[in-house]
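The values are calculated or read from the model by the stated rules, or taken from the named source; none is laboratory data. As the structure is a prediction and not an experimental result, all values here were calculated from the model. Don't worry about glycine lacking a Cβ; one is built from the backbone with ideal geometry, like all the others, and counts go over all protein chains shown.
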Amino acid sequence: MSVKELLDTFDPSIRFSIHLPSKSRLKQASIKLERDLDVQSTSVSIPDQLIKETASLVSEGQTSRIPQRTLRLFCVAGLASFCDISEAKGAVQNLLGEVEKRAKRSLLRALLNGYLQIADLDYVWTGAIRRFLKRHSDELPERWRQRCEDYGLLDESPCRSLVYSFKAVDVNFDRQLHEAGVTGSLYTNGIGACVLSAICDELSQGEWLTEAKAEELLARFLFYLAPQDKLLFLGSKNQVKIVRALLTPCLDGGVSQQLTRRIQHFLLTAYSDPRVNPGKWGQVPTELVELLKRWLTKQAMGLLIEVLNKTADDHHWDSRHDFWNYYLDNDLVDEAWVAFGPNAYQQATDLIRFDSDFVAGTFAQLVKGAGQIQANHSVLLMRIDSVVIAEWTHNGMVRLWDRVGTGSPPFYRSVYKSEVLRGSAGNPPQDEHRHDQHGSWKNKVAAFIQARTGIKHGAVKTSTHPGSKKPSASTNRTSAAQYHAVPSTTSGRTGNRGAISGGPTTGTCKSCGKTKPASEFYLSRKRPGQLTVFCKQCSAKK
């Protein structure tokens, strides 16, 4: 076809027709552009030398010598330098006076941008900047003026409306953060850190994990903290806030096992196991660390059972499981750790890949050493007050050490040689028993524990163990409530083992509404001297 023929058939109305995007598409594009601009504006950086020179001029009251562009950049990226100035309050007043004198909206916008990056700093001068911006909020660009008004970015207690949005499960919280401008570097720093603090304070003071919408709120909180399964809020201060928010509501019990497992998995993934790496939990309140450790103590038995289901016949463990579960269920086991033989270790390693209830690094490997082991052998290492127990699976024995003055096996190693857990490495146990089919081993083991700790197994009849001291009447406890009444002298746990001396004699359960004796409740760790809000029966159903 010739050029002339092509031109004769050319229809410009088709070739150059323009399809205008819909209003909704335009709005979405404008929001995306605004987000991108917000991210870019919060990541401005200027040379350190320029910041120092500008800060020096501001401190000396020579702000009029600072060029407009330099002053604007300093407002965005240099406010943190006031932390290093001895007379920061006066220097900030010089800066604010110059910004007000020049009366430029671009300077106010820059100052707001810079303030939002340091809004979480608790200094007198940060409050002066905040109050200055609030007085001049009408002069800010319309978008930011509206944000400050709608989300309280310049309030003394900022971002309260975002806390309300967070707790309203029918509201798109992520969208609210974008609307408030809490994006980019501001998501985790400055005003973003204020948002985290406000949310964590709200959660740590309430009973949100026992509410009907607890599952949705927990999912929202964990996604907010780690949107790509990677924790964004780093540092020990943030760790304390987050742990308080997640664990404080659990101190009284009543939180479902499904939620506690999810919280446990998140905390172990984010901060590692406090038993293995206690230094990483050094700033967290002791009562919260102890709560997580109690969860992990019970988890050790759960992990062992899961592995045994794949590596051994049920009859090897059933009676032993019931026996030890009494101590676990009554919160009498202070520490627990599992060591798996080669095949069992592989089963445990495979299990954590598919089961979110378990986390890597929460169990050990059992190796041959100087003694023989079967590939699917495992050992449950426990401590009940001063007594350390190594309970071997299959046809193995149970061995007991009185920890005081003895070489009992250490806890929380990643690898154990078999002789260490058998007591054949120069650390012989004070007692050991085979698991006879008649169950007489239970009486002997329970007697050994009772003689040295005063803790009696409520489902086993015991007699005085040979060579042991007969427990006195004051330590011969016979009910679950009384088990909880005696604090462990070794673990440091107090106030959760029984009735309160001189305290309430009855309580009313928040779940079933029944008034019951104090023995039907646990002691509150959150409110010392008080009972938990849920009775033991209702707590077990959660």
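One residue stands out among those in the range 194-212 that are assigned to a loop (DSSP other than H, G, I, E, B) and of a type outside the set (Gly, Ala, Ser): the one that is nearest to Asp122 (Cα to Cα), which is Gln205. Screening Ser272 against (1) more than 11 Å from the chain's Cα centre (by Cα); (2) modelled with pLDDT under 95 leaves a single unmet condition, (1). Looking only at residues in the range 494-535 that are among the charged types (D, E, K, R), surrounded by fewer than 20 Cβ atoms within 10 Å (Cβ to Cβ) and assigned to a loop (DSSP other than H, G, I, E, B), the one that is modelled with the highest pLDDT is Lys514. The residues of the range 441-463 that are of a type in the set (A, V, I, L, M) and assigned to a helix (DSSP H, G or I), listed by number, are Val445, Ala446, Ala447, Ile449, Ala451. Restricted to the range 348-370, and to residues that are small (Gly, Ala, Ser) and either surrounded by fewer than 19 Cβ atoms within 10 Å (Cβ to Cβ) or more than 24 Å from Pro274 (Cα to Cα) (or both), which residue is farthest from the chain's Cα centre (by Cα)? My answer is Ala370. Hey, among the residues in the range 265-280 that are free of Cβ contacts under 8 Å to residues at least 40 places away in the same chain and crowded, with 19+ Cβ neighbours inside 10 Å, which one's nearest to Leu222 (Cα to Cα)? Checking each candidate, the answer is Leu267. Taken over the range 151-188, the criterion of being in contact with a Ser or Thr (Cβ under 7 Å, 6 or more places away or on another chain) and within 30 Å of Lys89 (Cα to Cα) is satisfied by Tyr151, Gly152, Leu154, Gly184, Ser185, Leu186.
Taking the stated definitions as given, is Thr260 at pLDDT 90 or above, touching a Cys at 6+ places or on another chain (Cβ under 8 Å) and not assigned by TED's automatic domain parsing to the domain that holds Asp120? Criteria met by Thr260.
Consider Leu268 carefully, then state whether it is within 30 Å of Asn343 (Cβ to Cβ) and not basic (Lys, Arg). Explain how you work it out, then say what you get.
Numbers: within 30 Å of Asn343 (Cβ to Cβ): yes; not basic (Lys, Arg): yes.
Spelling it out, Leu268 is indeed within 30 Å of Asn343 (Cβ to Cβ) and not basic (Lys, Arg).
Scanning for something in contact with a strand residue (DSSP E or B) (Cβ under 9 Å, 6 or more places away or on another chain) and more than 29 Å from Thr248 (Cβ to Cβ), does the range 325-339 turn up at least one residue?
Kept after step one, since they are in contact with a strand residue (DSSP E or B) (Cβ under 9 Å, 6 or more places away or on another chain), are these residues of the range 325-339: 327-328, 331-339.
Subset that is more than 29 Å from Thr248 (Cβ to Cβ): 339.
Scanning the range 325-339 turns up at least one residue that is in contact with a strand residue (DSSP E or B) (Cβ under 9 Å, 6 or more places away or on another chain) and more than 29 Å from Thr248 (Cβ to Cβ).
Quick grid of which residues meet (1) more than 13 Å from the chain's Cα centre (by Cα); (2) on the phi < 0 side of the Ramachandran plot; (3) surrounded by fewer than 18 Cβ atoms within 10 Å (Cβ to Cβ):
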{"position": "Ala180", "(1), (2), (3)": "yes, yes, no"}
{"position": "Leu196", "(1), (2), (3)": "yes, yes, no"}
{"position": "Ile199", "(1), (2), (3)": "yes, yes, no"}
{"position": "Gln205", "(1), (2), (3)": "yes, yes, yes"}
{"position": "Asp229", "(1), (2), (3)": "yes, no, yes"}
{"position": "Leu234", "(1), (2), (3)": "no, yes, yes"}
{"position": "Ile242", "(1), (2), (3)": "no, yes, no"}
{"position": "Gly254", "(1), (2), (3)": "yes, no, no"}
{"position": "Ile263", "(1), (2), (3)": "no, yes, no"}
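Looking only at the range 207-227, filter to residues that are of a type in the set (D, E, K, R) and surrounded by fewer than 15 Cβ atoms within 10 Å (Cβ to Cβ); which one of those is farthest from Arg147 (Cα to Cα)? The extreme case among them is Glu211. Candidates in the range 393-403 are the residues that are surrounded by 22 or more Cβ atoms within 10 Å (Cβ to Cβ) and at pLDDT 90 or above; of these, the one that is farthest from Asn309 (Cα to Cα) is Trp401. The lone criterion from (1) farther than 28 Å from Ile263 by Cβ; (2) buried (at least 21 other Cβ atoms within 10 Å of the Cβ); (3) of a type in the set (Gly, Ala, Ser); (4) at pLDDT 90 or above left unmet by Ser378 is number (1).
Going by what's in this entry, would Ile373 be described as surrounded by 16 or more Cβ atoms within 10 Å (Cβ to Cβ), among the aliphatic types (A, V, I, L, M) and either in contact (Cβ under 8 Å) with a residue 24 or more places away in the chain or touching a helix residue (DSSP H, G or I) at 6+ places or on another chain (Cβ under 9 Å) (or both)?
Values: surrounded by 16 or more Cβ atoms within 10 Å (Cβ to Cβ): yes; among the aliphatic types (A, V, I, L, M): yes; either in contact (Cβ under 8 Å) with a residue 24 or more places away in the chain or touching a helix residue (DSSP H, G or I) at 6+ places or on another chain (Cβ under 9 Å) (or both): yes.
Criteria met by Ile373.
On inspection, Tyr345 does not qualify as buried (at least 19 other Cβ atoms within 10 Å of the Cβ), over 23 Å from Ser272 (Cβ atoms) and more than 26 Å from the chain's Cα centre (by Cα).
Listed here are the residues, each with its yes/no results for (1) modelled with pLDDT of 60 or more; (2) under 29 Å from Gly181 (Cα atoms).
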| position | (1), (2) |
| --- | --- |
| Lys4 | yes, no |
| Phe16 | no, no |
| Ser30 | no, yes |
| Gln49 | yes, no |
| Glu60 | yes, no |
| Cys75 | yes, yes |
| Leu95 | yes, yes |
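For the range 137-148, the set of residues classified as touching a residue at least 24 places away in the same chain (Cβ under 8 Å) and surrounded by fewer than 19 Cβ atoms within 10 Å (Cβ to Cβ) consists of Glu139, Pro141, Arg143, listed by residue number. From the list Ala360, Ala344, Ala348, Ala339, the lone residue that is part of a strand (DSSP E or B) and in the same structural domain as Ile305 (by TED's automatic domain parsing) is Ala339. For the range 120-135, the candidate set comprises residues that are more than 33 Å from the chain's Cα centre (by Cα) and either assigned by TED's automatic domain parsing to the domain that holds Gly181 or surrounded by 19 or more Cβ atoms within 10 Å (Cβ to Cβ) (or both); within that set, the residue that is farthest from Leu217 (Cα to Cα) is Phe132.
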